[in-house]
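Written out below as structure tokens is the structure these notes cover.
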Amino acid sequence: MMAAPRQLTLNIAWLLTFGAFAALVLNAMFGSLAALTFMGCGGLLIVSNIPATVDSLRRWWFVLLLPAYCMLTALWSQYPANSLRYGLQLAFTAMVAIIITGRLSTAALMRLMFIVYGIGVVASILFGRTGLGGSWLGVFGSKNAFAAHIAVFALIAVAVAADGKSSWPLRALGAAGALASGPLLILAQSTGATLMVAPCVAIILLSLMSARLSGMQKILVFALLLIIAAALALLVATTGDALLAEILEGSGKDATLTGRTDLWATGLSYIAERPLQGLGYRAFWVSGFAPAEELWAMFDVPSGAGFNFHNTYISNAVEIGLIGLGLQIAIMYGGAILMGAYTFMRPSAPNALLLALQTLMILRSFIEVEVFFEFSIRSIMGIATLIYAAAGLLALRRQSLPAPRRPSRGVLSHVAADRPRPLSHPNL
């Protein structure tokens, strides 16, 4: 008999997620079509499987409290139309993030991101350009954007190269990407990105190495890491400013973080005026608003250009107050803690990557503002990490519970009852 021809199956959710991610990651290449492409792919993802969409939103509805609160700030915002419009767009972005977690496994998402970010790297090598200061911009608008792209790609490449479940050709591409990331980060001349990638790469490697350890050995390593993290936190808290200034001066950078300390002082003064509710979501950096115009002029930035306080906590507290900031911190740090626990119990390359990306987001949150706003790949990944970790831990908890006993119908019924319950994704 002739063997049946192998059929090519298309994963619609994977293709739509790829289109949405490509639009956001490669927005410099998509131009004005980036947001439209993301909304189109995201909208199709939402309606392509209504039962799955409803189930995901029902399970993880609490994530939508953040965009709901952002929209609520329109009631006291000085620019209510802005707060409502951007709040709705953030809600759409959060919905897409929630639905992705119900349609794609962590392994599929890791490989998808490797392709998307890899396209940006290859395009930057082939068609990139150099900025005014000699730093490499790639196909992005600034060295910071290029450095952030390479930093994320480096982590993805390391995870793919170390993933024992990936094919050897893919792992070889991952290794090549990891090796190329170092020189590209140097070309970007971004001290911050370079310093932050190293500990995140260590997280991936240590997480995967822990798979070979016994339970007690894992606990000892985990305790050791906690002690090291506490020591580093104490060091940063006591001498962080002096150390950072020395590093920046040694690399030829402005020790005041390009005047960011002045920005932070201004932001803190506005937080003190309205600490709980803030000025309103996306209601500070608005053309015509005198304080924003003053800061744009102070830093020689065109009025209405993209600008922020270069600190996630200060910037977001100015707009949505400590209440909204608390919701954001719950997603950021909650996702890191839960994914850390899940990776500890089930070490894998995708889990280690999500933990490393969440750690990178937290590290960058002290000097940049990457979350939470509309059409943001980092916002999507921050939300997705929280949900993947929570879903994985819940699945492990269900597996550990004894199966309910049913009336005996013979030996086979007992065997079936003792089978472990599957996870929602085979690679979660």
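The values are calculated or read from the model by the stated rules, or taken from the named source; none is laboratory data. Note that this is a predicted model, so its numbers are computed, not measured. Note: ideal-geometry Cβ built from the backbone for every residue, glycine included; neighbour counts use all protein chains shown. Ligands, DNA and RNA are stripped out before the accessible areas are found, and what is left, the full protein with its side chains, is counted by its heavy atoms. Shrake-Rupley method; radii C 1.70, N 1.55, O 1.52, S 1.80 Å.
What a 1.4 Å probe finds exposed on the stretch 66-202 is 73% carbon and sulfur by accessible area, rounded to a whole percent. For the stretch 60-192, just say rounded, prolate or oblate: build the C-alpha gyration tensor, square-root its eigenvalues into a ≥ b ≥ c, call rounded for a/c under 1.5, and beyond that prolate if a/b exceeds b/c, oblate if not. Verdict is oblate for the stretch 60-192. With contacts taken as Cα pairs under 8 Å at a separation of at least 6 residues, the stretch 89-140 carries a relative contact order of 22 percent.
Each of the peptides 125-131, 102-108 was scored by the mean count of other Cβ atoms within 10 Å over its residues; in descending order, highest first, they stand as 102-108, 125-131. The residues of the stretch 79-238 expose on average 47 square angstrom of accessible surface per residue, using a 1.4 Å probe on protein heavy atoms. Annotation: for a label point projected 7 angstrom from Cα along Cα→Cβ of ARG129, residues of the stretch 7-46 with backbone N closer than 13 Å are 29.
Sort TYR313, TYR333 by accessible area with a 1.4 Å probe, largest first. Can you show the working numbers first?
Numbers: TYR313 35, TYR333 70 Å².
If we order TYR313, TYR333 from most to least accessible, we get TYR333, TYR313.
For the pair ASN49 and ILE115, the difference between a 0.36 nm per residue extended length and the Cα-Cα distance amounts to 21.3 nm.
Close amide H pairs (under 5 Å, H built 1.01 Å from N) link LEU137 with ARG129, THR130, GLY131, residues at least 5 positions away or on another chain.
Under the 0.36 nm per residue contour assumption, what length would be gained going from the current alpha-carbon distance of THR261 and LEU393 to full extension? Could you put the intermediate results ahead of the total?
On the way: separation 132, 0.36 × 132 = 47.52 nm, distance 4.01 nm.
Value of the extension gain: 43.5 nm.
Among ASP300, ASP262, ASP55, the sequence by solvent-accessible area, most first, with a 1.4 Å probe is ASP300, ASP262, ASP55.
At R0 = 30 Å, how high is the FRET efficiency between MET345 and ASN11 if r is their beta carbon distance? Nearest 0.05 is fine.
Numbers: r = 28 Å, r/R0 = 0.92.
Rounded to the nearest 0.05, the efficiency is 0.60.
For Cα pairs less than 8 Å apart in space and 6+ apart in sequence, what is the mean separation divided by the residue count of the stretch 12-94, i.e. the relative contact order in percent? Working shown, then result.
Working: 61 pairs, mean separation 17.0, N = 83.
Once normalised by length, the contact order is 21 percent.
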